[in-house]
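No lab work stands behind these numbers, since they all come straight from the coordinates. Note that the structure is predicted; figures quoted are calculated from it, not measured. We place every Cβ from the backbone using ideal geometry, glycine too, and count neighbours over all the protein chains shown.
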Amino acid sequence: MGAYIVVLVISYFLGSVPAGYLAGKSRGIDVRTVGSGNIGATNAFRVLGKTAGTVVLLADALKGFAAARWAPLLAIYLFPGAASQQEYLKLAAGVAAILGHNYTCWLNFKGGKGIATSAGVVLAWAPLACVTALALWGVVFVMTKFVSLASIAAALILPVAVWFWNRSLTMTIVMAALSALAIYKHKANIQRLLKGTENRVGSKLKGQ
């Protein structure tokens, strides 16, 4: 139990670091009040520019990767008897990091959509599944210029990719739940896609 507590606490707080919000604040901008109002990398690109957006993207992915890869190792170092639980500790760490990003305690439990953080988590869990999802993201984005649609497509393929490459039923089930959460967080984007009002990258911003 001690190992799981360590993993959950560390991973949640790693995931909760609001990189997009902090990047905006460094320029005197509250990203929650401009663009889409989201603290994630997409809005950071839109509002703060390519350099800041790239930094936010990498930071959000890194915190997911760090939580899923290193928090379990620290927990096992502190509680050697938990070594047999390593896979489950990784799963717990990844889930906690994504929840930390999506519901950060530093911003009244309102955060991002978790795509970049999820990518970092999956990179630690199942690298080939992550590459598969990123490839699909790239194809959909190039074809449509919709970041949201590309992200939804990547979320849909992740459970399938995790099962294909890892054959872990537990990990696949957890990934399916996280993918469902990611898609739910895109509900406003889905509504705009259906109405034809979603913004394409490179196009003039439409009313949100």
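Of note:
- Screening the chain for whole DSSP H helices with an alpha carbon extent of at least 18 angstrom along the helix axis and a mean Kyte-Doolittle hydropathy of at least 1.6 yields 2-16, 127-144, 147-166, 169-185.
- The lysine pair tally for the chain, using Cα distances under 17 Å and a gap of 8 or more places or different chains, is 16.
- Seen from residue 31, the other residues with C-beta closer than 10 Å to its C-beta sum to a net charge of +3, counting Lys and Arg as +1 and Asp and Glu as -1.
- Region 89-208, relative contact order [Cα under 8 Å, separation at least 6], %: 21
- For the chain, the dipole from Cβ point charges (+1 on Lys and Arg, -1 on Asp and Glu) about the Cα centre works out to 760 debye, to the nearest 20.
- Of 202, 74, 127, farthest towards positive along the dipole that unit charges on Lys, Arg, Asp, Glu beta carbons give the chain: 202
- The Rg/Rh ratio for region 126-202, using Cα coordinates for both the radius of gyration and the Kirkwood hydrodynamic radius, is 1.03.
- Here the mean projected area of the convex hull built on the C-alpha positions of region 1-110 is 6.7 nm².
- In the set (i) 17.2; (ii) 18.9; (iii) 17.6, the label that goes with Kirkwood radius over Cα pairs in Å computed for this structure is (i).
- In summary, the convex hull built on the alpha carbon positions of region 13-67 has an orientation-averaged projected area of 3.3 nm².
- With contacts taken as Cα pairs under 8 Å at a separation of at least 6 residues, the chain carries a relative contact order of 20 percent.
- Note on residue 87 and residue 142: their simple-model spin labels are 3.5 nm apart, each label 7 Å out from Cα toward Cβ.
- Spatial separation of Cα centroids for region 59-78 and region 88-130, in angstrom: 11
- The helix-based estimate of mean residue ellipticity at 222 nm for the chain, built from -39,500 (n - 2.57) per DSSP H run of four or more residues and divided by its residue count, is -24000 deg cm²/dmol to the nearest 500.
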